[in-house]
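To start, the structure itself, in structure tokens.
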Amino acid sequence: MKKNNRFYFAIVLATVMSMAVVSCSNDEGLSEGDLTVPKGYALSAGTSTIYSSSSFAYDSEADWVTGELKRRFIRGDKLYDDARTSSNDYGGGLGPVYAGYSCGSCHRNAGRTKPALWTQTGTDPDGTPVYGSGSYGFSSMLVYITRKNGAFFQDYGRVVHDQSIYGVTAEGKLECRWHAQQFQFPDGTPYELVYPEYTITDWYKPTYRDTDEPIRPEDLFCTVRIPLRHVGMGQMMAIDPAEIEELARRSNYPEYGISGRANYINERGRLQLGLSGNKAQHADLTVELGFSSDMGVTNSRYPEEICEGQRQIEQGSMMGLLYDQLEVSTEDMENVDLYLHTLGVPARRNVNNKTVRRGEQMFFEAKCHLCHVTTLHTKPRGAKLLNGTELPLLGNQTIHPYSDFLLHDMGSEIMGVGLDDHYVSGLARGNEWRTTPLWGVGLQQTVNGHTYFLHDGRARNFTEAIMWHGGEAEASKNIFAKMSKDDRSALIKFLKSL
């Protein structure tokens, strides 16, 4: 009886959520409060919704960003996009080692720069061509490493910095080899899944070591991340945490194997709910961490060089490239934080299209909405930036991120590897990932020129992304697989409308 009640609750909830989204628009357009929703569109983020489907759909400010906020937005946008050099007006350049030369180098147009791991050529040992292999120059990817016992390597830290300034040695280079396997849907339609095999080469050799292999491959876990879309960042940070915690309490659907949980992390000296990142491992937008770890730029929160104690410090010192002062001010970092918080969220498109509506129905029938929750709300006072500036206009909004921002087990058995990367983040285990927000996902091709999905870009399209789902998403994946070809296509077209 309890199971039946839960099933009834899930169906009622699905119906209400579906109505909440679909009713945002109709054939004549809709005036909702002070917002006019054009025909064929639906609100995504309340007053921060923008009606753009261009290559700048992720990279345009919300309409309410005016006056002083607009001035700071422009400043933050410039800091985000421009390559750092020692001659610009930011106070310092890159390095000595780094992973990206600007925020925008990895997040082109505030999206996901096309990952280089698909752009190289190579062969398997038997001579069979594969999709991409080799070591890369600039990759736009972050390479996380740990020992197999979970500890960090003393001479490297959590990230391999594969770039360096002139005269300084990078920490290592990434190589990737792809493996493919053919599958069929129950109706006989073929599809293919590929997974990466990562190798790190060219490890820098600290001066006190005499080995060419400072890290043994058998003691290494390596996980690679392609950039996240910076869509809805401000709304995410303004979400009422009580609503996420309530979702965690009731996100338990044993009939589908689903049981989400919140991640909590210690940041800024206190335990906080995690929302940001692939594993909800951060309680903020990590602007200060990005300047430090990604670009090697010292700041008030991370005043030491990321390669402190390594050979690169000596190399940088000898070349006179290290600064005594911090290389980016807290004021400038908050402008970048403001830029991210005040970006508009593209509205849903083609919501009245018959196939899109059918695909939305399939989305709910596959129970995707139990994790990709359609509707959430922001807290009354909005969000606060890293240096204390408040953004109350982000408050009291109904938003449609298509995520519960909770951790879910995504499985480890697909092709013998699954999505378990063995990397622990806060409470998140290697097989647990935050539900990816889907708003804006349908414009990734337009904004960034590719449809590589999942944390490392192994999925080359929506279908592959769905079929990589395992663990708690196994039931939804199987429902999708058993749909007719037309219904699967409709569900994909619905995703493209987001």
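The values are calculated or read from the model by the stated rules, or taken from the named source; none is laboratory data. Computed from a predicted model, the values in this text were never measured in an experiment. As a convention, Cβ positions derive from the backbone with ideal geometry for all residues, glycine included, and neighbour counts pool all protein chains shown.
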Mind listing whichever residues of segment 315-356 are among the small types (Gly, Ala, Ser) and either at pLDDT 95 or above or not in a helix (DSSP H, G or I) (or both)? Gly320, Ser329, Gly344, Ala347
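Being in contact with a Ser or Thr (Cβ under 7 Å, 6 or more places away or on another chain) and buried (at least 18 other Cβ atoms within 10 Å of the Cβ) is the filter; apply it to segment 151-171 and report the residue that is nearest to Gly316 (Cα to Cα). Step through it out loud before you land on a result.
Our first condition is that a residue be in contact with a Ser or Thr (Cβ under 7 Å, 6 or more places away or on another chain); within segment 151-171, this holds for 152, 159, 162, 170.
So of that shortlist, the ones also buried (at least 18 other Cβ atoms within 10 Å of the Cβ) come out as 159, 162, 170.
Numbers: Val159: 19, Asp162: 16, Ala170: 12 Å.
Only one residue fits best here, namely Ala170.
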If you go through segment 468-479 one residue at a time, do you hit one that is at negative phi, buried (at least 18 other Cβ atoms within 10 Å of the Cβ) and within 16 Å of the chain's Cα centre (by Cα)? no
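Anything in segment 400-423 that is at positive phi and touching a Lys or Arg at 6+ places or on another chain (Cβ under 7 Å)? List them, or say none.
Step one: list which residues in segment 400-423 are at positive phi, which gives 402, 405, 411, 415-416, 418, 422.
The answer is Phe405, and nothing else.
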Residue under question is Glu365, and the condition is that it be buried (at least 24 other Cβ atoms within 10 Å of the Cβ) and closer than 30 Å to Asp486 by Cβ; does it hold? no
Give just the number: which of (1) part of a loop (DSSP other than H, G, I, E, B); (2) of a type in the set (S, T, N, Q); (3) touching a residue at least 24 places away in the same chain (Cβ under 8 Å) does Thr451 not satisfy? (3)
Can you tell which of Pro186, Pro190, Pro206 is more than 30 Å from His469 (Cβ to Cβ), more than 25 Å from the chain's Cα centre (by Cα) and either surrounded by fewer than 19 Cβ atoms within 10 Å (Cβ to Cβ) or modelled with pLDDT under 85 (or both)? Pro206
Exactly one of Ala465, Ala428 is under 28 Å from Asn299 (Cβ atoms) and buried (at least 18 other Cβ atoms within 10 Å of the Cβ), and that one is Ala428
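Do you know which of the residues in segment 392-419 that are of a type in the set (A, V, I, L, M) and over 22 Å from Ala248 (Cβ atoms) is modelled with the lowest pLDDT?
Of all residues in segment 392-419, those of a type in the set (A, V, I, L, M) come to 393-394, 399, 406-407, 410, 414-415, 417, 419.
Filter again for over 22 Å from Ala248 (Cβ atoms), leaving 393-394, 414-415, 417.
Numbers: Leu393: 96, Leu394: 97, Ile414: 77, Met415: 73, Val417: 79.
That would be Met415.
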Within segment 454-484, tally of residues that are more than 17 Å from Gln181 (Cα to Cα), polar (S, T, N, Q) and outside any helix (DSSP H, G or I): 1
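Okay, residues lined up against (1) at pLDDT 95 or above; (2) farther than 23 Å from Gln235 by Cβ:
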site	(1), (2)
Gly440	yes, no
Asn448	yes, no
Phe453	yes, no
Asp456	no, yes
Trp468	yes, yes
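Mind listing just one residue for me: the one in segment 104-128 that is under 16 Å from His161 (Cβ atoms) and either among the basic types (Lys, Arg) or modelled with pLDDT of 80 or more (or both) and, of those, farthest from the chain's Cα centre (by Cα)?
Taking segment 104-128 as the starting set, the residues that turn out to be under 16 Å from His161 (Cβ atoms) are 105-106, 116.
Within this subset, residues satisfying the condition of being either among the basic types (Lys, Arg) or modelled with pLDDT of 80 or more (or both) are 105-106.
Numbers: Ser105: 15, Cys106: 11 Å.
Step by step, filter segment 104-128, then rank; the result is Ser105.
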Please identify the pairs in which a residue from segment 369-396 that is touching a residue at least 24 places away in the same chain (Cβ under 8 Å) and farther than 30 Å from Tyr256 by Cβ has its Cβ atom under 6 Å from the Cβ atom of a residue that is acidic (Asp, Glu) and surrounded by 17 or more Cβ atoms within 10 Å (Cβ to Cβ), counting only partners at least 6 apart or on another chain. Leu385/Glu334; Leu385/Asp337; Leu386/Glu334; Leu386/Asp337; Asn387/Glu334
Suppose we filter segment 347-399 for residues that are within 30 Å of Leu289 (Cβ to Cβ) and touching a Lys or Arg at 6+ places or on another chain (Cβ under 7 Å); how many remain? 3
Yes or no: segment 444-451 includes at least one residue that is polar (S, T, N, Q) and more than 16 Å from the chain's Cα centre (by Cα). yes
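Let me confirm something: among Asp294, Asp240, which residue is within 30 Å of Leu370 (Cα to Cα) and either among the aliphatic types (A, V, I, L, M) or at pLDDT 90 or above (or both)?
Details: Asp294 fails: within 30 Å of Leu370 (Cα to Cα).
Answer to the check: Asp240.
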For residues that are in a helix (DSSP H, G or I) and under 18 Å from the mean Cα position of the chain (by Cα), tally how many sit in segment 372-421. 0
Here the qualifying pairs (Cβ atoms under 8 Å; residues six or more apart or on different chains; first in segment 47-62 and farther than 14 Å from Thr36 by Cα; second among the acidic types (Asp, Glu)) come out as Asp59/Asp77
Of the residues Gly359, Gly430, which single one is in a loop (DSSP other than H, G, I, E, B) and either more than 30 Å from Thr146 (Cα to Cα) or not hydrophobic (A, V, I, L, M, F, W, C) (or both)? Gly430
